[in-house]
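Just below is one structure, and these are the notes that go with it.
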């Protein structure tokens with residue numbers, strides 16, 4: 001059957017709205033798209049799946065935005081996402097949507113191959129990564145990287161008062177940073193893991209399990225110790241200008257979690 005051309009169809013979104021209320025952010029959310037990010041160790045591109053939120057501002061005199069244009073911009077950009085090219089997608093959103101401000105949130109699992117500490121057995125472990133980028137038409141480019149790193153923590157109090165062992169648990173550390181120049185996802189992950197009672201591995205043989213259990217016992221940390229240690233490392237980093245570190249321990253002997261947060265600036269801000 002014959003169809004009307006797009007030029008002859010009514011553009012309802014562009015019609016005026018008389019309530020005079022501008023919208024800060026409007027767009028698409030929970031959009032899954034295959035992406036590639038560069039791996040520091042190999043220099044190669046790692047394939048993963050990103051979940052996108054793409055938004056722009058909407059002036060008060062427009063009824064709605066054009067949702068299809070967000071998908072078009074994403075398709076035009078292609079699958080490769082890194083700090084050095086995400087600003088081009090923001091510029092394209094500003095142009096295509098005729099907006100003054102654009103934002104991108106991209107979340108994806110990032111995989112690292114890790115060798116067990118004694119046997120050297122290798123396995124993949126995943127970390128959560130979040131890119132938050134924004135640009136004003138006549139303003140600066142803003143970019144925040146957040147990594148979610150699973151760790152082991154062992155309770156110093158439990159160790160000091162118990163006759164046998166000490167309780168420990170897994171926890172998650174979220175480290176968000178702004179930075180002066182390029183910073184690797186792997187650098188942020190390593191920074192966090194160095195501050196925990198022990199890092200996690202996907203594959204452990206019995207000698208490895210003995211090693212990480214004893215290492216955690218020798219390095220007990222409260223959730224407060226954990227965020228302070230990460231914050232101390234972030235403050236001394238010459239590339240980091242701002243950081244926020246949050247730690248949550250999934251307590252093994254309580255029915256609640258332990259939580260702490262520190263926000264500050266790094267040496268890169270000086």
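The values are calculated or read from the model by the stated rules, or taken from the named source; none is laboratory data. The structure displayed is predicted, hence computed values, not measured ones. Counting neighbours? That spans all protein chains shown, and the Cβs are built from the backbone with ideal geometry, glycine included.
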TODO: Identify the residue in the stretch 1-32 that is modelled with pLDDT under 80 and surrounded by 11 or more Cβ atoms within 10 Å (Cβ to Cβ) and, among all such residues, is farthest from residue 136 (Cα to Cα).
DONE: 11
- [ ] From 79, 16, grab the single residue that is in contact with a strand residue (DSSP E or B) (Cβ under 8 Å, 6 or more places away or on another chain) and not assigned by TED's automatic domain parsing to the domain that holds residue 135.
- [x] 16
- [ ] Output the residues belonging to the stretch 228-256 that are within 21 Å of residue 200 (Cα to Cα) and free of Cβ contacts under 8 Å to residues at least 40 places away in the same chain.
- [x] 228, 229, 231
TODO: Quickly run through the stretch 214-232 and pick out the residues that are in contact with a helix residue (DSSP H, G or I) (Cβ under 8 Å, 6 or more places away or on another chain) and more than 20 Å from residue 130 (Cβ to Cβ).
DONE: 217, 220, 221, 222, 225
TODO: Kindly indicate whether residue 190 is surrounded by fewer than 19 Cβ atoms within 10 Å (Cβ to Cβ), closer than 22 Å to residue 116 by Cβ, assigned by TED's automatic domain parsing to the domain that holds residue 240 and under 17 Å from the mean Cα position of the chain (by Cα).
DONE: yes
Open item on the list: Restricting to the stretch 154-184, and then to whatever is buried (at least 17 other Cβ atoms within 10 Å of the Cβ) and closer than 13 Å to residue 253 by Cβ, can you tell me which residue is farthest from the chain's Cα centre (by Cα)?
Closed with: 166
- [ ] Determine if the stretch 178-193 includes at least one residue that is under 30 Å from residue 56 (Cα atoms), touching a strand residue (DSSP E or B) at 6+ places or on another chain (Cβ under 6 Å) and part of a strand (DSSP E or B).
- [x] yes
Open item on the list: For the stretch 92-112, which positions are touching a residue at least 24 places away in the same chain (Cβ under 8 Å), surrounded by fewer than 20 Cβ atoms within 10 Å (Cβ to Cβ) and out of contact with any helix residue (DSSP H, G or I) (no Cβ under 9 Å at 6 or more places or on another chain)?
Closed with: 94, 105, 107, 109, 111
Open item on the list: Being surrounded by fewer than 17 Cβ atoms within 10 Å (Cβ to Cβ) and without any contact (Cβ under 8 Å) to a residue 12 or more places away in the chain is true for just one of 224, 218. Which residue is that?
Closed with: 218
Open item on the list: Being in a loop (DSSP other than H, G, I, E, B) and either under 24 Å from residue 261 (Cβ atoms) or within 21 Å of the chain's Cα centre (by Cα) (or both) is the filter here; which residues of the stretch 203-235 pass it?
Closed with: 219, 220, 221, 222
Open item on the list: So residue 122 ticks every box in (1) over 25 Å from residue 107 (Cα atoms); (2) assigned by TED's automatic domain parsing to the domain that holds residue 87; (3) in contact with a helix residue (DSSP H, G or I) (Cβ under 7 Å, 6 or more places away or on another chain) but one. Which box is left unticked?
Closed with: (3)
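So that you can scan it fast, the table gives a plain yes or no per residue for (1) out of contact with any strand residue (DSSP E or B) (no Cβ under 7 Å at 6 or more places or on another chain); (2) buried (at least 16 other Cβ atoms within 10 Å of the Cβ):
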residue	(1), (2)
34	no, no
41	yes, no
56	no, yes
68	yes, no
72	yes, no
118	yes, no
- [ ] For residue 40, indicate whether it is farther than 18 Å from residue 101 by Cα, modelled with pLDDT of 85 or more and assigned to a loop (DSSP other than H, G, I, E, B).
- [x] yes
Task: Considering residues of the stretch 76-91 that are out of contact with any helix residue (DSSP H, G or I) (no Cβ under 8 Å at 6 or more places or on another chain) and under 24 Å from residue 23 (Cβ atoms) only, the residue surrounded by the fewest Cβ atoms within 10 Å (Cβ to Cβ) - done: 91
